[in-house]
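Here's the structure we're looking at; comments come further down.
The values are calculated or read from the model by the stated rules, or taken from the named source; none is laboratory data. Treat the numbers as computed from the prediction; the structure is a model and nothing was measured. Backbone-built Cβ (ideal geometry, glycine too); neighbour counts: all protein chains shown. Just so you know, the surface numbers come from the protein's heavy atoms only, side chains and all, with ligands and any DNA or RNA stripped out. Shrake-Rupley method; radii C 1.70, N 1.55, O 1.52, S 1.80 Å.
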Amino acid sequence: MTVSSAPGKVYLFGEHAVVYGEPAVPCAIERRARVSVEPRSDDHVRVVAEDLSLDGFTVEYEGSTRTQPDVDVDESLLSAATGYVDAAVRQAREAADAPEAGFDITVESDIPLGAGLGSSAAVVVAGIDAATRALGEPIDDREIARRAYRAEYEVQDGQASRADTFCSAVGGAVRVEGDDCTTLEAPNLPLVVGFDGGAGDTGKLVAGVRDLKDTHGFAADTVASIGDIVREGERLLAAADPDAGPDSELLDGLGELMDFNHGLLSALGVSARSLDSMVWAARDAGAHGAKLTGAGGGGCIVALDSSPETETALSFTQGCVDAFRAELATEGVRREDR
Ligand code: PMV
């Protein structure tokens, strides 16, 4: 059996605008999806997916037969989760030139599903790595990132940037601008995540921004301004010593830009009352800055705070179901064969 894990991510800056060619800076975090793969003697694929939400559920399917779990879980999230595994299997079969390969697959994840932490990218990245290795045809991290992007692109009907998949495959802080993906030197930032227990519909939210941008010039300017925020954030990161740990001047600078970024995402209509409450709770608790992460609509926020105050304040905030400190994951996809 081959086992691979891959990290989730938060967006320090730049979600949504990245869809229109602006740069974005996601950071991989130590919350992982783990995919175990055992090749089968037939061409079937059987998937057991547990813990893909906070409550956890199991889905098993063979060919097109799927057993609905007996817990209350959103059907669209469920088919999305299995759709990503299917897409990863297609990529692995193609990479290994084994179109008929069958697998028993187990997915475990401690990344909330569809909540802006890159859960699907982590499952796809870990799945492609574990499945190609199971077929004796391992591929390198960059090729995993390329194939994982194609898998997400397919499942999300063309509404995907390379940000999540590249970040999950290579780890650390990265910069994505169109097809250009690079790693960044960044200090270990004190990231705190708040989760409202919900999920946003990425496709719908991306389409909403597109409509707004097509209709109003100010929305196009807003997208361009997010790009300016990202470039300014990159300059601050580049000037910092990656080994020294972040000083308060850097954290204040980055935090201010995160606050601006959240304001502009709100203007584009992708925030939510729960996300705004958590952002304000973090700021009131003394965080350097806070913003939603990912597509928005519901899900997670990310704040910068070295003290425990923000995590504590979030855990008492109405609408926040989980608050945790998220370490930067310097390693992307990881081989964990048992
Ligand atoms: O919510 P997530 O983690 O799927 O992030 C979506 C980020 C967007 O910029 C809105 C879309 C994308 O593919 O980059």
Might you check whether a residue that is in a helix (DSSP H, G or I) and not polar (S, T, N, Q) occurs anywhere in the stretch 191-204? yes
Looking at G263, is it touching a helix residue (DSSP H, G or I) at 6+ places or on another chain (Cβ under 7 Å) and of a type in the set (G, A, S)? no
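Go through the stretch 237-271 and count every residue that is assigned to a helix (DSSP H, G or I) and either open to solvent by 50 Å² or more (accessible area, probe 1.4 Å) or touching a Pro at 6+ places or on another chain (Cβ under 7 Å) (or both).
Keep residues of the stretch 237-271 that are assigned to a helix (DSSP H, G or I), which gives 237-239, 248-267.
Narrowing further to those that are either open to solvent by 50 Å² or more (accessible area, probe 1.4 Å) or touching a Pro at 6+ places or on another chain (Cβ under 7 Å) (or both): 238-239, 248-249, 252, 256, 260, 267.
Residues in the stretch 237-271 being assigned to a helix (DSSP H, G or I) and either open to solvent by 50 Å² or more (accessible area, probe 1.4 Å) or touching a Pro at 6+ places or on another chain (Cβ under 7 Å) (or both): 8 in total.
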Only one of (1) at pLDDT below 95; (2) over 17 Å from E108 (Cβ atoms) does not apply to A49, and that is (2)
Criterion: modelled with pLDDT of 90 or more and not β-branched (V, I, T) - qualifying residue of A151, A160: A151
Scan the stretch 322-338 and tell me whether some residue there is in contact with a Phe, Trp or Tyr (Cβ under 6 Å, 6 or more places away or on another chain) and over 30 Å from A224 (Cβ atoms). yes
Tell me, which strands (runs of 3 or more DSSP E) lie completely within the stretch 1-53 with 3 or more residues that are open to solvent by less than 10 Å² (accessible area, probe 1.4 Å) and over 29 Å from L304 (Cα atoms)? 25-40
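With the condition kept exactly as written, say whether any residue in the stretch 289-299 is in a helix (DSSP H, G or I) and under 20 Å from the mean Cα position of the chain (by Cα).
no
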Taking the stretch 177-206 as the region of interest, how many residues are within 15 Å of the ligand (Cβ to nearest atom), over 15 Å from Y149 (Cα atoms) and free of Cβ contacts under 8 Å to residues at least 60 places away in the same chain? 1
Count of the stretch 304-316 residues which are surrounded by 23 or more Cβ atoms within 10 Å (Cβ to Cβ) and either in contact with a Pro (Cβ under 9 Å, 6 or more places away or on another chain) or farther than 21 Å from L113 by Cα (or both): 4
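For residues that are surrounded by fewer than 21 Cβ atoms within 10 Å (Cβ to Cβ) and in contact (Cβ under 8 Å) with a residue 12 or more places away in the chain, tally how many sit in the stretch 272-285. Give the derivation first.
First, pick out the residues of the stretch 272-285 that are surrounded by fewer than 21 Cβ atoms within 10 Å (Cβ to Cβ): 272-273, 276-277, 280, 283-284.
Those left that are additionally in contact (Cβ under 8 Å) with a residue 12 or more places away in the chain: 272-273, 277, 283-284.
So the count comes out to 5.
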Do we have D211 as outside the structural domain of A6 (by TED's automatic domain parsing), at pLDDT 95 or above, more than 30 Å from L236 (Cα to Cα) and open to solvent by 10 Å² or more (accessible area, probe 1.4 Å) here? yes
